[in-house]
Each structure stands twice: as C-alpha cells, then as structure tokens.
Amino acid sequence: MDSKLEGSKCKGQLLIFGATNWDLIGRKEVPKQQAAYRNLGQNLWGPHRYGCLAGVRVRTVVSGSCAAHSLLITTEGKLWSWGRNEKGQLGHGDTKRAEAPRLIEGLSHEVIVLAACGRNHTLALTETGSVFAFGENKMGQLGLGNQTDAVPSPAQVTGAQRLLCRSVVWRQMDALMRKLFFPEDRCVCRGLGLSLFCPDLPRLGHNSDGKFIARAQRIEYDCELVPRRVAIFIEKTKDGQILPVPNVVVRDVACGANHTLVLDSQKRVFSWGFGGYGRLGHAEQKDEMVPRLVKLFDFPGRGASQIYAGYTCSFAVSEVGGLFFWGATNTSRESTMYPKAVQDLCGWRIRSLACGKSSIIVAADESTISWGPSPTFGELGYGDHKPKSSTAAQEVKTLDGIFSEQVAMGYSHSLVIARDESEAEKEKIKRLPEYNPRTL
C-alpha cells in the first residue's frame, strides 16, 4: 500500500444493552453442545459498562443484524471480540463462548482500522490493507480459496490484498471509505465491490443464483471462494429496458441478511439480492441478480450520503439530512416498497445508525433514539420497568446527557461508544451500572 489506512476518529467508552445469552439469541433453546451455557447471560434493559473494560478507550464497535457476536477496536487499533463462538468467529483459536470482550491475540501485532461481523464469521482490515478472516467457512465465505467448517484463528485473505493493492480506485479513495463490510454470509470490500460466498439467493451481484443440479435432482450451489469484482451496475427504465450504469466508483457498502446496498461517488444508491418485503426499494418484490439503481436518489440535490441495511430493510440518509426507509422491520405488517421519509426523525442530524433483527438505533445530535416491534430483549435501552418495545422512534432517556459517538446493533443487542472527553461526561458514564457477566 502507498499509505497507511486510518480508522475512526471516535474515542469513548463501550456501553451495552440487550440480550447477552449469546447461544440463545435467535433460537428457541440453546443447542445441546452448548447446554452448559444455558443460564449464562441476561437481558440488559438499560445501558451498562463492562467491568473488564475499565480504562479501555474504544474507537469502533461492530456487530451485525444476523450476529450474536461483537467486536471493538481500541484507540490503539487492537481488535477485541466476544459472544457466540461455535464456528471460531471470535478468532481466539477455539470455539469457546466469550462472555465479555477479549483481545484477539493472533492480531495483536496488527493495527486494525475496521472489522465486520457476519452470522458466524468475521473479517478485519489492517492499516496496511491486509484482510484477515476467521469463523465459519462452509461456503467459502472467508475468501481463503477453500471450504472448511470452521477457521478459529485469523487467516489472511490473499486475494483481497492483491486486488486492493492493484486498484487505482482503491488508492484514490479517502481513508474513511477504505473499509470492509459483509453480511450473514457474504463479504464485500468497500471501494471495489468484491464479493464471495454461496449465491443461493442472488446476493453477490454476479448475475447468477449459482444453482446447479448435482445428482439425483439435488440442487447444489457454485460458491465464490476468493474475492471477485462485481462487473456491472444497471438501471431499469419504466418501459422495462435494462441499461448499464457507467462510472460507478463505490464509496460505501451495507449488507442485510439477503440483500446488499451500494453508495457511489455520485451519491447514487444501488441494491440487489432477495427482493422480499420491498427491501431493495424498487417498488416490487423481484430479486435482483446485479446491482440496480434505486431511482429516488438519482436526482440533483436528492442524492444519498449514508446507507444502512437491516435484516429485512434498508435506510439511506439524503445529502440534505433526511432519513429514508424501505422494506420491513415487522414482517407481519405491511411493507414499504420504495424509499419513504421517516417523519419522526425529520430535522435530526444523523451521525450513526444500526439495525438488529427488527430494531433500530440512531445517534443524532445530542440524543440516542431507538424503536422496534415486540419482542425485544433490551436492545432499545429504555430501562427496567419501562416499555419493552416501540413502533415509533423514541429518545433513549437512560442515555440523557451521554453523547453517543457511534452505535452498533447485533441480532438483539446494542452497543454504543459514549464520549468521555469532559469530567461531566465521565461522571455520567460512571453512574451507569457495571455489567460483570457470570462465567463457567
């Protein structure tokens, strides 16, 4: 790399709320092999500090709408992980669950600038542009060129490194956009549009669902085992014409469970993948095999500045600051088939947004705001003996006076970096309860 990549400029203390019984998240019961952990971890209904992180300052927190594990990057660029670990997605060289954040020793010699969580795998990007992957690799989602059940220690993704170093586009982009992002089961490098994994739904953008009939009418899938560039971006006209969109320079990527969003240098938004519940924003529920232009943002002064993908929904912040939503957070209700303004947040300046399975959390101005339909597990942060869910956006009163630098959300837990620059801010944070989870 010609120059070193830089991470976030945020600094603060980590706060957590929501479900912390990591093996139970998204399941009716803990699997038999994890039975010993059945009663470990509780629902935290309001913000807590981790006792083990006293004195540790954080610049980035990471989870994902499919994930029951989390990551943090310290101000020194060290990567810590905790949560579910059945496939080695914590990178500690084993498959033991971690109740609280713990340094990934295998990356302790690296300076990490960004990382991301899939359902059962993790990627990390270093300041020199190296990519490391660990966790489940059954469908080749780690990009290592092979398929194995679990990779419990960090392994370098050589294909991504080669592509990143050779890309003129990559070199021209500012440090903020030199990132990785990937979903439950796919990886995409920001700045290039690289993808890998099994295209059983049209998630990778290579104009194929990857299906083939192997034997005895059994359908199998052709998996991408190393990063591959997304070759074409399109738009569809009202009369059904399909036109290629030239000059797409990717600035940001966001991934849901089965769909992907891209933001380009011209503030255009593209989406592809599974079209159910309108999550692609094209006013129809058709699947899209390659990135398709979302028309609403393709007008002067109406472009997007940020994109976010939830489990079954999508968000974009317009260049003038409005928040737009499409898809569904509650799949038993009516879906929003194309981007619509979120009126509850009109006038708020959004700094950070994150989605869980069906809940949303936002850092805007001096407030933290959340909402989500029942059932919830504390990820909205409203506090003990308070409403557990909300269909409308509400300020998180338990964080009054605490400035949220960044928010992240897993399947059913939330993470916040609380600014701690002034004595008053430190004092506010100190008053929050401390969470010291029980361990085996």
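Looking at region 340-372, which of the residues that are more than 18 Å from the chain's Cα centre (by Cα) and assigned to a loop (DSSP other than H, G, I, E, B) is nearest to R279 (Cα to Cα)? Only one residue fits best here, namely V342. Against the numbered list (1) closer than 27 Å to A309 by Cβ; (2) among the acidic types (D, E); (3) free of Cβ contacts under 8 Å to residues at least 40 places away in the same chain, E105 comes up short only at (1). Taken over region 408-429, residues that are without any contact (Cβ under 8 Å) to a residue 60 or more places away in the chain and not in a loop (DSSP other than H, G, I, E, B) amount to 6. Against the conditions (1) open to solvent by 10 Å² or more (accessible area, probe 1.4 Å); (2) under 24 Å from A341 (Cβ atoms); (3) not small (G, A, S), T237 satisfies every one except (2).
One residue is enough: does region 84-98 have a residue meeting the conditions in contact (Cβ under 8 Å) with a residue 40 or more places away in the chain, within 21 Å of the chain's Cα centre (by Cα) and in a strand (DSSP E or B)? Among the residues of region 84-98, not one is in contact (Cβ under 8 Å) with a residue 40 or more places away in the chain, within 21 Å of the chain's Cα centre (by Cα) and in a strand (DSSP E or B), which makes the answer no. With respect to (1) at pLDDT below 95; (2) within 26 Å of N258 (Cβ to Cβ); (3) not in a strand (DSSP E or B), the lone exception for L296 is condition (1). Is there a residue being open to solvent by 10 Å² or more (accessible area, probe 1.4 Å), without any contact (Cβ under 8 Å) to a residue 60 or more places away in the chain and within 18 Å of the chain's Cα centre (by Cα) anywhere in region 373-381? Among the residues of region 373-381, not one is open to solvent by 10 Å² or more (accessible area, probe 1.4 Å), without any contact (Cβ under 8 Å) to a residue 60 or more places away in the chain and within 18 Å of the chain's Cα centre (by Cα), which makes the answer no. The residues in region 334-372 that are of a type in the set (F, W, Y) and either within 17 Å of G410 (Cα to Cα) or open to solvent by less than 10 Å² (accessible area, probe 1.4 Å) (or both) can be counted, and the count is 1.
Can you report the number of residues in region 27-49 which are of a type in the set (G, A, S) and under 15 Å from E86 (Cα atoms)? Please lay out each step first, then the result.
Quick first cut of region 27-49, residues of a type in the set (G, A, S) only: 35-36, 41, 46.
When the remaining residues are screened for being under 15 Å from E86 (Cα atoms), the result is 35-36.
Within region 27-49, residues that are of a type in the set (G, A, S) and under 15 Å from E86 (Cα atoms) number 2.
Rundown of residues vs (1) among the aromatic types (F, W, Y); (2) in contact with a strand residue (DSSP E or B) (Cβ under 6 Å, 6 or more places away or on another chain); (3) farther than 29 Å from S358 by Cβ; (4) open to solvent by less than 10 Å² (accessible area, probe 1.4 Å), yes/no style:
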{"residue": "M409", "(1), (2), (3), (4)": "no, yes, no, yes"}
{"residue": "L415", "(1), (2), (3), (4)": "no, yes, no, yes"}
{"residue": "A424", "(1), (2), (3), (4)": "no, no, yes, no"}
{"residue": "L432", "(1), (2), (3), (4)": "no, yes, no, no"}
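Among the conditions (1) touching a His at 6+ places or on another chain (Cβ under 8 Å); (2) in contact (Cβ under 8 Å) with a residue 60 or more places away in the chain, K4 misses just one, which is (1). Candidates T391, T329: the one that is more than 18 Å from P47 (Cα to Cα), part of a loop (DSSP other than H, G, I, E, B), touching a strand residue (DSSP E or B) at 6+ places or on another chain (Cβ under 7 Å) and not hydrophobic (A, V, I, L, M, F, W, C) is T329.
Scanning region 394-407 for residues that are open to solvent by 10 Å² or more (accessible area, probe 1.4 Å) and assigned to a strand (DSSP E or B) turns up Q394, E395, E405, Q406. Scanning for something of a type in the set (S, T, N, Q) and more than 30 Å from S130 (Cα to Cα), does region 26-38 turn up at least one residue? Yes: one or more hits.
Just a yes or no: is a residue in region 263-272 over 22 Å from the mean Cα position of the chain (by Cα) and surrounded by fewer than 22 Cβ atoms within 10 Å (Cβ to Cβ)? Step through it out loud before you land on a result.
Here is the first cut: in region 263-272, the ones over 22 Å from the mean Cα position of the chain (by Cα) are 266.
Then drop every residue that is not surrounded by fewer than 22 Cβ atoms within 10 Å (Cβ to Cβ), which leaves 266.
Checked region 263-272: at least one residue is over 22 Å from the mean Cα position of the chain (by Cα) and surrounded by fewer than 22 Cβ atoms within 10 Å (Cβ to Cβ).
Does G77 qualify as being part of a loop (DSSP other than H, G, I, E, B), at pLDDT below 95 and either open to solvent by 10 Å² or more (accessible area, probe 1.4 Å) or touching a strand residue (DSSP E or B) at 6+ places or on another chain (Cβ under 6 Å) (or both)?
Values: part of a loop (DSSP other than H, G, I, E, B): yes; at pLDDT below 95: no; either open to solvent by 10 Å² or more (accessible area, probe 1.4 Å) or touching a strand residue (DSSP E or B) at 6+ places or on another chain (Cβ under 6 Å) (or both): yes.
It is false that G77 is part of a loop (DSSP other than H, G, I, E, B), at pLDDT below 95 and either open to solvent by 10 Å² or more (accessible area, probe 1.4 Å) or touching a strand residue (DSSP E or B) at 6+ places or on another chain (Cβ under 6 Å) (or both).
Looking at region 319-333 only, could you name the residues that are open to solvent by 10 Å² or more (accessible area, probe 1.4 Å) and over 17 Å from the mean Cα position of the chain (by Cα)? Residues satisfying the conditions are E319, V320, G321, G322, F324, N330, T331, S332, R333.
The values are calculated or read from the model by the stated rules, or taken from the named source; none is laboratory data. What you see is a predicted model; the values in this text were computed from it and never measured. All Cβ positions, glycine included, derive from the backbone under ideal geometry; neighbour counts span all protein chains shown. Heads up: the accessible areas ignore ligands, DNA and RNA and are worked out on the full protein's heavy atoms, side chains in. Shrake-Rupley method; radii C 1.70, N 1.55, O 1.52, S 1.80 Å.
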